[in-house]
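Engineer: Right, I'll just put the structure down here and ask away after.
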Amino acid sequence: MDFDKEIAQDLAYTAAGGYVEGFKVVLNKLVDITRWATEHELVVESSGKYYRAFYRNGATEAQDESPFEYNEGTVGFKEVHPEEKSITIYK
């Protein structure tokens with residue numbers, strides 16, 4: 001599904017649990033750090049459907065890169081489905 005670039009950027013700047021234009025941000029998670037940028041996973045929900053996209057943000061003030069900066073007008077989000085998993089941890 002294609003989202004308007006401005007809405008996608010607003011979603012990227014919203015913490016999990018926040019709302020933008022009828023979308024709830026379910027996950028906005030840092031997944032990797034490179035020398036020049038941080039990489040994030042963004043999952044949003046609307047009308048019972050979930051959508052995911054990945055974006056980059058400049059890692060320092062010298063790297064002026066904003067989320068979805070290089071997209072033209074729209075940003076492609078892929079429909080995803082939540083899957084519950086249990087994990088074992090050791091203390």
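Engineer: Looking at (1) loosely packed, with under 15 Cβ neighbours inside 10 Å; (2) hydrophobic (A, V, I, L, M, F, W, C); (3) over 10 Å from the mean Cα position of the chain (by Cα), find the lone condition where Val75 falls short.
Structural biologist: So the condition that Val75 fails would be (1).
Engineer: Further question on the same structure: Checking Tyr51 against (1) free of Cβ contacts under 8 Å to residues at least 24 places away in the same chain; (2) among the hydroxyl-bearing types (Ser, Thr, Tyr); (3) farther than 15 Å from Glu6 by Cα, which single condition isn't satisfied?
Structural biologist: Going through the list (1) free of Cβ contacts under 8 Å to residues at least 24 places away in the same chain; (2) among the hydroxyl-bearing types (Ser, Thr, Tyr); (3) farther than 15 Å from Glu6 by Cα, Tyr51 breaks only (1).
Engineer: Can I ask one more? Taking the range 30-77 only, how many residues are charged (D, E, K, R) and closer than 19 Å to Ala16 by Cβ?
Structural biologist: Final tally of qualifying residues: 7.
Engineer: Sort out which residues of the range 1-43 are free of Cβ contacts under 8 Å to residues at least 40 places away in the same chain, touching a strand residue (DSSP E or B) at 6+ places or on another chain (Cβ under 9 Å) and acidic (Asp, Glu), and write them in order of number.
Structural biologist: Within the range 1-43, Asp10, Glu21, Asp32, Glu39, Glu41 meet the criteria.
Engineer: Filtering the range 37-91 down to residues that are among the hydrophobic types (A, V, I, L, M, F, W, C) and not in a strand (DSSP E or B), which residue is farthest from Ala8 (Cα to Cα)?
Structural biologist: Taking the range 37-91 as the starting set, the residues that turn out to be among the hydrophobic types (A, V, I, L, M, F, W, C) are 37, 42-44, 53-54, 59, 62, 68, 75, 77, 80, 87, 89.
Of the ones still in play, those that are also not in a strand (DSSP E or B) are 59, 62, 68, 77, 87, 89.
Values: Ala59: 19, Ala62: 23, Phe68: 7, Phe77: 9, Ile87: 32, Ile89: 35 Å.
My answer is Ile89.
Coordinate-derived values only; no laboratory data. Please read these numbers as outputs of a predicted model, since none were measured by experiment. All Cβ positions, even for glycine, are placed from backbone atoms using ideal geometry, and neighbour counts span all protein chains on display.
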